[in-house]
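The values are calculated or read from the model by the stated rules, or taken from the named source; none is laboratory data. Since the structure is predicted, the reported quantities are computational estimates derived from the model, not experimental observations. Using ideal geometry, Cβ is built from the backbone for each residue, glycine included, and neighbour counts are taken over all protein chains shown.
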Ligand SMILES: Cc1cc2nc3c(=O)[nH]c(=O)nc-3n(C[C@H](O)[C@H](O)[C@H](O)COP(=O)(O)O)c2cc1C
Ligand code: SF4
Ligand code: SF4
Ligand code: SF4
Ligand code: FES
Ligand code: FES
């Protein structure tokens with residue numbers, strides 16, 4: 001994912017596809033960034049450069065917008081992004097304990113990725129499933145009525161699956 | 001493209017087909033299985049239930065049963081929810097594999113699947129949704145279509161009087177008359193501040209400008225609130241229709257809805273709704289040959305709470321960092337790209353079609369002297385019936401928490417409720433009988449807010465709660481002005497100090513002083529309201545702060561640094577479970593002898609207390 005993207009790599013072409021959908025209007029910046037974030041899980045320096053050229057705005061402005069909005073990230077997330085909801089409804093039901101457990105097991109902090117690139121941790125605010133609070137998600141999968149034991153066993157399962165894939 | 005006559009045809013025909021949705025005695029052989037497709041139920045696999053139902057219907061060659069995905073029914077705690085109509089049987093906590101019984105027993109044998117019926121708080125088994133205590137005190141206006149129609153099918157919206165209010169405005173009323181109805185209804189903004197909606201419309205209409213805009217604020221930043229998202233997911237056309245009516249009234253032909261990108265289902269359904277409205281010629285140029293044009297676009301937010309503030313939202317739509325602008329000028333005069341712009345909240349809009357169709361008086365008869373109509377709340381936290389509720393203004397908090405919400409689970413006691421999210425305040429037991437309206441909530445140090453309503457039981461520490469909200473505002477402060485950027489950080493540091501057991505009594509005065517300064521000197525509503533959770537907890541739970549400071553204890557037992565785990569020798573049976581689960585080996589003791597915790601080694605993880613089968617360990 002991180003190799004050099006000289007000229008017309010696949011990623012570059014895909015980015016051009018995204019850009020083509022939008023008029024060269026400054027007000028489309030956030031819309032474009034959302035698409036890029038969605039597609040790649042982060043916004044690379046190369047992508048920032050492309051976007052700034054396309055919209056005719058400075059790199060600094062693009063960077064300024066990226067860093068302002070919490071949804072945008074400059075680094076890729078782990079293959080499994082564990083996002084614990086810290087919205088009020090989940091907080092009141094003890095989601096901090098779940099988050100503490102994830103941090104303890106993975107030995108990384110919120111916003112970081114494990115060295116092998118397998119896991120990253122995110123703290124989100126309300127994923128809209130407050131009826132199931134506390135809630136965490138692993139990529140797109142939502143887990144409700146969460147407990148520290150529950151994340152522990154899920155992380156264990158993922159590790160086992162990954163190991164058995166690696167062995168094959 | 002559909003003419004008005006064609007739309008009316010659709011309305012009549014589809015309304016007749018959908019009679020079974022609202023009429024238990026509908027004369028039909030058809031059945032509709034409604035499955036909740038709100039975010040809550042979707043997260044607990046309602047799409048798989050739908051898949052399974054559809055597959056079974058096909059396999060069994062059943063031809064008179066349709067499966068419909070709806071918006072949120074409200075009682076999310078009992079989701080996924082499935083309702084079979086016309087007989088109106090309500091199934092709760094349905095699992096994908098339960099589709100078998102619903103088809104085999106309910107549909108094929110015409111018998112109720114008893115085990116899937118919902119139990120009310122008093123353990124009575126309930127067959128129909130509205131028999132639940134949860135629904136008895138509710139009145140649905142903004143949520144009227146949620147859970148009734150398929151939000152991805154414009155025909156179903158049209159069938160239940162959809163786009164009739166727009167038709168009335170375009171053919172029977174002039175813009176001033178529309179504004180007068182909205183003003184007379186008494187509707188006030190549901191985004192938090194409660195500004196009279198009619199007045200805002202009239203300011204925007206009077207503003208000079210060749211181009212005007214209508215904007216819908218669907219940023220819904222209050223964490224733990226999901227009213228606006230549910231409206232967009234359950235009845236997106238209500239918002240489109242209302243924005244068009246607003247456009248007609250203020251003289252705008254272009255609308256934007258600013259939605260959080262974190263709301264994928266809402267965004268998708270809203271886009272489908274826009275596309276369908278365009279296809280029918282409801283959105284577009286020269287609508288129904290009246291000369292009125294209206295175009296509508298979605299703009300995605302990207303996770304910044306401050307973008308819910310109206311001028312920050314405008315900055316964000318224009319593609320910049322969402323930092324608030326100085327007011328005045330107000331958006332009504334200088335908004336998007338400097339043009340007059342009307343901004344209203346999702347729920348505010350969702351009330352409009354009903355008001356236009358039923359009249360100002362109908363609406364103003366609901367509610368209190370100063371606050372008319374209903375309010376939607378996202379009820380969450382330590383309460384039994386977590387979900388979405390819509391009640392007439394003037395309903396008391398006690399009714400919401402205990403009658404509708406079913407009270408506090410696990411035999412615990414009510415401690416406080418928070419309205420207004422990070423901008424609001426906590427409300428203690430003594431004020432539970434306060435009627436919900438803008439003024440009453442303000443008078444007790446909280447605010448209406450956008451509708452988040454979080455209940456806390458007696459295991460919650462109010463200092464920790466204040467700290468939680470402050471962490472949120474420190475995170476979300478846009479940094480434009482110093483009182484908010486630096487001041488909230490200082491406050492958070494003091495709160496952290498208190499929670500760590502290092503607080504001093506002067507700290508409380510410092511907090512209060514800082515709070516007042518931040519409120520006075522901040523540029524936008526975020527800073528101006530950020531200290532509220534601290535001020536209100538200080539007001540109602542001062543002893544709890546003092547216990548942290550003077551006695552170095554956290555009475556609720558939440559603040560880790562102050563927790564002291566202790567084994568009660570009279571209750572301990574010496575089973576050794578705690579010892580095995582302690583990560584740092586802080587517990588010692590012989591089998592069948594009372595165990596003890598070494599306070600010096602204990603890291604206060606709480607594992608022992610959770611594991612002890614005899615509840616011998618307290619903190
Ligand atoms: C920090 C902050 C956050 C806000 N968040 C929201 C929000 O999420 N949704 C909303 O409708 N209004 C929000 N508002 C209020 C808006 O600024 C504005 O008053 C509202 O959208 C106007 O619509 P209304 O009159 O229909 O309520 C927020 C205000 C502040 C100061
Ligand atoms: S009060 Fe806070 S959020 Fe508002 S403009 Fe100032 S720094 Fe930004
Ligand atoms: S709280 Fe944790 S560290 Fe302390 S005694 Fe119990 S299990 Fe051990
Ligand atoms: S788990 Fe409870 S009963 Fe068993 S040894 Fe520990 S304190 Fe005693
Ligand atoms: S607060 Fe966590 S899902 Fe809403
Ligand atoms: S999301 Fe299904 S009932 Fe609320």
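Among the criteria (1) assigned by TED's automatic domain parsing to the domain that holds residue B:191; (2) closer than 30 Å to residue B:516 by Cα, the one residue B:359 does not fulfil is (2).
Every residue, every condition in (1) part of a helix (DSSP H, G or I); (2) assigned by TED's automatic domain parsing to the domain that holds residue B:263; (3) more than 16 Å from ligand 5 (Cβ to nearest atom), yes or no:
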| position | (1), (2), (3) |
| --- | --- |
| B:28 | no, no, yes |
| B:40 | yes, no, no |
| B:53 | yes, no, yes |
| B:58 | yes, no, yes |
| B:94 | no, no, yes |
| B:107 | yes, no, yes |
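From the list B:298, B:245, B:272, the lone residue that is touching a helix residue (DSSP H, G or I) at 6+ places or on another chain (Cβ under 9 Å), touching a residue at least 40 places away in the same chain (Cβ under 8 Å) and either in a strand (DSSP E or B) or not assigned by TED's automatic domain parsing to the domain that holds residue B:350 (or both) is B:298.
Going through the stretch A:21-37 one residue at a time, which ones are out of contact with any helix residue (DSSP H, G or I) (no Cβ under 9 Å at 6 or more places or on another chain) and either modelled with pLDDT under 80 or loosely packed, with under 13 Cβ neighbours inside 10 Å (or both)? Within the stretch A:21-37, A:23 is the sole residue that qualifies. From the list B:358, B:345, the lone residue that is within 28 Å of residue B:181 (Cα to Cα), more than 14 Å from every other protein chain (Cβ to nearest Cβ), surrounded by fewer than 18 Cβ atoms within 10 Å (Cβ to Cβ) and at pLDDT 95 or above is B:358.
Of A:62, A:98, A:127, A:102, all but one fail to be touching a helix residue (DSSP H, G or I) at 6+ places or on another chain (Cβ under 8 Å) and assigned to a loop (DSSP other than H, G, I, E, B); the exception is A:127.
To keep it simple, each residue is scored yes or no on (1) over 20 Å from the mean Cα position of the chain (by Cα); (2) more than 12 Å from ligand 1 (Cβ to nearest atom); (3) away from every other protein chain (no Cβ under 14 Å).
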| position | (1), (2), (3) |
| --- | --- |
| B:235 | no, yes, yes |
| B:251 | yes, yes, yes |
| B:255 | yes, yes, yes |
| B:261 | no, yes, no |
| B:266 | no, yes, no |
| B:294 | yes, yes, yes |
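For the condition in contact with a strand residue (DSSP E or B) (Cβ under 6 Å, 6 or more places away or on another chain), at pLDDT below 95 and either in the same structural domain as residue A:125 (by TED's automatic domain parsing) or on the phi < 0 side of the Ramachandran plot (or both), what is the one hit in A:16, A:97, A:77, A:101? When all the criteria are applied, what remains is A:77. Go through the residues of the stretch A:29-41 one by one and say whether even a single one is closer than 28 Å to residue A:122 by Cα, within 14 Å of chain B (Cβ to nearest Cβ), within 19 Å of the chain's Cα centre (by Cα) and part of a loop (DSSP other than H, G, I, E, B). Scanning the stretch A:29-41 turns up at least one residue that is closer than 28 Å to residue A:122 by Cα, within 14 Å of chain B (Cβ to nearest Cβ), within 19 Å of the chain's Cα centre (by Cα) and part of a loop (DSSP other than H, G, I, E, B). Residue count for the stretch B:593-619, restricted to those that are more than 9 Å from ligand 4 (Cβ to nearest atom) and part of a loop (DSSP other than H, G, I, E, B): 10. Yes or no: the stretch B:84-102 includes at least one residue that is crowded, with 21+ Cβ neighbours inside 10 Å and within 14 Å of chain A (Cβ to nearest Cβ). Taking every residue of the stretch B:84-102 in turn, at least one turns out to be crowded, with 21+ Cβ neighbours inside 10 Å and within 14 Å of chain A (Cβ to nearest Cβ). Right, residue B:537: more than 10 Å from ligand 3 (Cβ to nearest atom), within 42 Å of the chain's Cα centre (by Cα) and in a loop (DSSP other than H, G, I, E, B) or not? Criteria not met by residue B:537.
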